[in-house]
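Below is one structure, written out as C-alpha cells; the observations come after it.
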Amino acid sequence: MRPPESICLLRLSALGDVTHVLPLVHTLRDAWPQVRLAWVIGRGERRLLDGLAGVDFFEYDKKTGVAGMRALRRALRQSLGTAGRFDALLHMQLAARANLLSGFVPARRRVGYDRLRSKELHGLFVNERIAATTGPQASGPHVLDVLGSFCEPLGLRRERVRWDLPVPADAREWAAAQWPADGTPTLLISPCSSHALRNWRAERYAAVADHAASQGWRIVLCGGRSALERETADAIAATMTQPVLDLVGKDTLKQLPALLERADLVMSPDSGPMHIANAMGTRVLGLHAATDPNRSGPYSERRYCVDRYDAAARRYRGRPAAELRWGSKIEHEGVMDLITVEDAIAAFERFRDDHPQIAGTAGGH
C-alpha cells in the first residue's frame, strides 16, 4: 500500500481525548516522516498541544456554526494547494456537530468508527471504518486504543504508546517554583471535571487530603478559573484541618502538564487533568462511578482508581456494567456518592504500599 502524502485528523475536544490522540500522531509520524498531518481541533485543546512537531493545526470554534465550517474548508483547501484533497481523513469524534464539520473536510478516504460505536449519523460521513471489537462493551478497549486503531485501515499498527506532550522549559520552571523540592511526597488534587455530575463532594476530598497530610504528604489543589472550580477549592480548604497549597486558577494550559508532572500522585475524577497527568508519567487516584475506568480511566495504571461503575450501572440502569453499550456514561445526580472516603483512602494506601520510597511518614497506617 502506497503511503499517504497527507492525512487530516478530526478530534475537536476534550483535553483528555486529544491527549489520547498523541500516540496515534507519533505512530503516523514515525512510519511516514514525510506525511503532511493536519489536525482540526478546538481552541483550548490547541493551546494544550501548541508546539507539537510535524502537525498543522486548524481551529474550529463551535460558536461559529456553519459559517465557521465554511471558513475551515477554505483554510484547508488553501493549505492543500494543487493537491485539492487529503489522502485520508481520520474522523475520530461522534458528536453531531463534528459529523457535520467532517463533511467540510476534503478527503478521498474517510475513516470513521465501526457501526457498533457509531451514533449521530456518523456513518453518513465516512466511507471506511475501524474494526469492531467483540466481548462485553462496557469493559471493552480503552478509548486510547480505539483511537490508536484509526491507523489500521491505512496499513499501520500502533506498536507502542508514546505521548511526548509538548511542555516548554518556562512552564517547568514555573511549576518548580510552586513548592520546594524537599523530598516531601505530594498529593495534587484536581477536583473538577467539565461534567459536573462526575465530581465528588468537597468534604470527601478534604477527608482524604487530611488523611494524606497526616502521613506526611504535601497537599496541593489545582484547577481552572471557573466559578465551580473556585468554589470547590474553597470548600475543600475550609473543611480541611491540615495545610493546603491552593494553586487553583494560577496556572495556564501549558503550565498544567508541568504541574501535574511534579506530583507523586494526582487525585481526580474522569477529567482532562487525569489524562494529562497520566501522559506526563504521574500515577492517578481516579474516582469513577459515572464513567468506566476500563474505557476512560488513566491509561497506564488503574490500580489506584476507585471503580464504582458497576454499582452505578446496577442502581441507575438496572443491569451490570458488562451489559451496557461501550462508552455509556451514568451521569446521574448522586452517582459519585457511591464512592466513599474509605474507598479513596484505600486507593491512596495502595499507592503508599507500592511506593515505599515516597510513602511519607513511616508506620502511618
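Mean sequence separation of contacting Cα pairs (under 8 Å, at least six apart), scaled by the length of the chain, corresponds to a relative contact order of 16 percent. Other residues lying with their Cβ under 10 Å from the Cβ of VAL220 contribute a combined charge of +1, Lys and Arg counting +1, Asp and Glu -1. Straight-line reach from LYS119: taking Cα to Cα under 20 Å and skipping same-chain neighbours fewer than 8 places apart, the lysines in range are LYS62, LYS329.
Here the chain is treated with +1 on each Lys and Arg Cβ and -1 on each Asp and Glu Cβ, and its dipole about the Cα centre works out to around 1780 debye.
Put simply, when 332-338, 267-273 are sorted by average Cβ atoms within 10 angstrom per residue, most first, you get 267-273, 332-338.
For the chain, compute Rg over Rh where Rg is the Cα radius of gyration and Rh is the Kirkwood radius from the inverse mean 1/r over Cα pairs.
On the Cα set of the chain, Rg over Rh gives 0.98.
What the Cβ-Cβ distance of SER214 and ALA346 gives, at R0 = 22 Å and to the nearest 0.05, is a FRET efficiency of 0.90. Reported value for segment 127-284: 161 Å³ per residue, from the convex hull of its C-alpha atoms.
Could you work out which residue, out of THR186, THR232, THR133, moves most in a Gaussian network model of the chain, that is, has the largest mean-square fluctuation with Cα springs under 10 Å? In this elastic network of the chain, the residue with the biggest mean-square fluctuation among THR186, THR232, THR133 is THR133. Rolling a 1.4 angstrom probe over segment 219-279 with all protein chains present gives an accessible area of which 54% lies on carbon and sulfur atoms.
GNM remark for the chain: springs join alpha carbons under 10 Å apart, and the peak mean-square fluctuation among ALA279, ALA238, ALA181 falls on ALA181. Annotation for segment 164-225: trypsin sites (Lys or Arg not before Pro) lying in DSSP loop with at most 10 further Cβ atoms inside 10 Å of their Cβ are ARG225.
Just checking the listed ones, THR64, THR19, THR82: in the Gaussian network model of the chain with Cα springs under 10 Å, the one fluctuating most is THR82.
Can you tell which of PHE351, HIS211, ALA227 lies farthest toward the positive end of the dipole of the chain, using +1 and -1 charges on the Cβ of basic and acidic side chains (Lys, Arg; Asp, Glu)? The Cα lying farthest towards the positive end belongs to ALA227. The charge dipole of segment 148-260, taken about the Cα centre with unit charges on the Cβ atoms of Lys, Arg (+1) and Asp, Glu (-1), comes to about 360 debye, rounded to the nearest 20. Take every Cα pair under 8 Å whose residues are at least 6 apart in sequence, average their separation, divide by the length of segment 13-139, and the relative contact order is 15 percent.
Each part gets one Cα centre, and for segment 297-350 versus segment 227-270 those centres are 22 Å apart. Note on segment 1-89: dipole from Cβ charges, positive end direction compared against GLY81, LEU22, GLY42; the farthest Cα belongs to GLY81. What the Cβ-Cβ distance of ASP145 and THR82 gives, at R0 = 30 Å and to the nearest 0.05, is a FRET efficiency of 0.25.
Apply the a/c threshold of 1.5 to the C-alpha gyration tensor of segment 21-80 and tell me whether it is rounded, prolate or oblate.
oblate
Label positions at ARG162 and GLU120, each projected 7 Å from the Cα along the C-beta direction, are separated by 3.2 nm. Just the protein heavy atoms count here, and of the accessible area of segment 287-331 at 1.4 Å, carbon and sulfur take up 35 percent.
Would you mind working out the accessible area per residue for the chain, using a 1.4 Å probe, and quoting it in Å²?
Numbers: 15500 Å² over 365 residues.
Per-residue value: 42 Å².
Looking at segment 1-84, the GluC sites (Glu not before Pro) that sit in a DSSP loop and have at most 16 other Cβ atoms within 10 Å of their own Cβ are GLU5.
In the chain, the longest principal axis of the Cα atoms and the axis of helix 202-214 are about 60 degrees apart.
The values are calculated or read from the model by the stated rules, or taken from the named source; none is laboratory data. Just so it is clear, the model here is predicted, and its values are computed rather than measured. Heads up, the Cβs are rebuilt from the backbone with ideal geometry, glycines too, and the neighbour counts pull from every protein chain shown. Just so you know, the surface numbers come from the protein's heavy atoms only, side chains and all, with ligands and any DNA or RNA stripped out. Shrake-Rupley method; radii C 1.70, N 1.55, O 1.52, S 1.80 Å.
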